[in-house]
1. What distance in nm lies between label points placed 7 Å from Cα along the C-beta direction at residue 294 and residue 260?
2. Of the candidates 227, 54, 280, which one comes out as most mobile in a Gaussian network treatment of the chain with C-alpha springs shorter than 10 Å?
3. Among all the aspartates and glutamates, which ones have a C-alpha under 13 Å from residue 103's C-alpha, if same-chain residues fewer than 8 places away are not counted?
4. Dipole of the chain (Lys/Arg Cβ +1, Asp/Glu Cβ -1, origin at the Cα centre): which of 287, 76, 134 lies farthest to the positive side?
5. Once you've got the Cα coordinates, tell me which of 13/60; 13/57; 57/216; 81/192; 13/154 are over 31 Å apart.
6. Pairs of alpha-carbon atoms within less than 8 angstrom and 6+ residues apart define the contacts here; what relative contact order does the chain have, in percent?
7. Just to be sure I understand: with springs between alpha-carbon atoms less than 10 Å apart, which residue in 28, 314, 300 has the highest mean-square fluctuation in the Gaussian network model of the chain?
8. From the Cα gyration tensor of the chain, with a ≥ b ≥ c the square roots of its eigenvalues, which class applies: rounded if a/c is under 1.5, or else prolate if a/b is larger than b/c, or else oblate?
Amino acid sequence: MAEIVLSLDHLHKLAFDVLASNGLSAHQSDAMAKVLVAGQRDDCHSHGVWRLIGCVKTLKLGKINADAEPQINDVSPSLVKVDARFGFSPLAFELGSRVLVEKAKKSGIAALAINNCFHFSALWPEVEAIAAEGVAALAMTPTHSCVAPAGGNKPLFGTNPIAFAWPRPGAFPFVFDMATSRIARGDIELHKRSGSRIPSDWAIDENGQATDDPDKALKGAMLTFGGYKGSALSAMVELLAGPLIGDMLSPESLAFDEGVGAAPCHGEIVIAFDPAVFAGAAPTDNLQRAETLFEGIVGQGARLPSQRRFDARQRSIEHGVSLSKELHDELTRLIS
Ligand code: NDP
C-alpha cells in the first residue's frame with residue numbers, strides 16, 4: 001500500500017486544519033492535534049491521527065462545545081477541578097496540569113479532576129508531561145460501556161485505562177498506560193477497518209460466545225485483562241473517575257450519547273506525587289533506588305513499558321511519520 005511520509009510539524013498542521021476547519025476553536029484544535037500527533041509519532045496507531053475521523057464526526061453531531069474554554073476551580077491545597085464545559089479533554093488537561101504540578105510540589109500529593117470532557121485519547125501524554133516536571137503521576141478515566149465484568153457477559157465497564165509515570169533523571173520516565181480491557185477498543189476498530197480477524201480471547205459476541213470477528217466483538221462485549229483482577233481495577237476506575245469527582249459512570253456516559261456515536265463524555269482523575277516532598281532529605285537516594293529496580297527489570301532481558309514507544313519516537317523525529325495514502329487522502333478530504 002502506498003505510504004506518505006510527513007514531518008511532525010506537517011502532521012500537526014494537517015491535524016489542526018482538519019479540526020479547525022470543522023469548527024473546533026484554535027485553542028482546542030492545537031491541544032488535540034498535539035495529542036494525536038504524539039500517538040502517531042510513538043506508533044500508537046489506535047490513538048493516532050485516524051482518530052480525527054471520529055473527532056470530526058463528534059463535531060458534526062453537535063454534542064460537543066467546540067468553543068469551550070475550560071474553567072479552573074482551585075478547590076483546596078491538594079485538589080484542582082477543571083470543568084471542560086463539554087469540550088475535548090486535552091485542553092482541560094493542559095491547563096489543569098500546571099496547577100496540579102504546583103500543588104504536588106507544595107503538598108507532596110495532589111489531584112486533578114476533569115469534569116464534562118469528551119475523552120478518547122491515550123493517557124501516556126498526560127502522565128509523561130507531569131513526569132517531565134519531576135513528579136510521578138497516575139491517571140484514570142472511564143469510557144462508554146463495552147466491557148463485561150469477569151463472570152458476566154453484558155457490556156458494563158468502559159475500557160477504562162490506567163496510566164502511571166515515574167520521573168527518571170536523565171532518562172525517559174518509566175511509563176505504562178493500559179486499558180483494563182484486553183485491548184483498547186480502537187484496536188478492534190482498526191481490525192474491522194482492515195478486514196482482519198482478532199484474537200478470540202479479546203471479546204464475546206452478543207450471545208456470549210468467544211469471537212474472532214471484530215464486527216461481532218464490537219456488537220457484543222469486550223473482556224477485561226487478567227479476568228477478575230482486571231475487572232476489579234476497571235470498577236476502581238469507574239469509582240475514582242466517576243462518582244468520586246461527581247461525573248458519569250461508563251453506562252451513564254453511553255446513555256448521554258443517546259446512540260449517536262459521538263466520542264465518550266465523562267470525567268478523568270489524575271493524581272500527582274512529588275518524590276522530593278515524600279523523600280524529605282534524601283530525594284536523590286530514593287530516585288537512585290528506583291533506578292535499581294529498573295536495572296533489575298532490564299538486567300534479566302525484560303523491557304520497560306513504553307520503550308517501544310520511545311524507540312518509535314526517536315525514529316519519527318529523525319525520519320518523520322508515514323501514513324497510508326488512503327488515510328492521508330481521507331484526512332485531507334475532511335478539511336472543509
Ligand atoms: P498495550 O496492551 O499495547 O500496552 C500496555 C502497556 O504495556 C504499554 O505501556 C506498553 O508499552 C506496555 N507493554 C506492552 N508490551 C510490553 C512488554 N512486552 N513488556 C513491557 N511492557 C509492555 O495497551 P492497551 O491496548 O491496553 O492500551 C492502549 C492505549 O489505549 C493506552 O494508551 C490507553 O490510554 C488508551 N485508551 C484510552 C481510552 C480512553 O478512553 N481515553 C480507553 C482505553 C484505552 P509500549 O507502548 O512501549 O508497548
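Please treat every number below as a calculation from the coordinates, not as lab data. Just so it is clear, the model here is predicted, and its values are computed rather than measured. All Cβ positions, even for glycine, are placed from backbone atoms using ideal geometry, and neighbour counts span all protein chains on display.
1. With each label placed 7 Å out from Cα toward Cβ, I get 4.4 nm.
2. Sorting by GNM fluctuation, first place goes to 280.
3. Within the straight-line cut-off, residue 103 pairs with 74, 133, 274.
4. It is 287.
5. Violating the 31 Å Cα-Cα cut-off are 81/192; 13/154.
6. Relative contact order, the chain: 23 percent.
7. Residue with maximal mean-square fluctuation among 28, 314, 300: 300.
8. It is rounded, given that a/c, with a ≥ b ≥ c, falls under 1.5.
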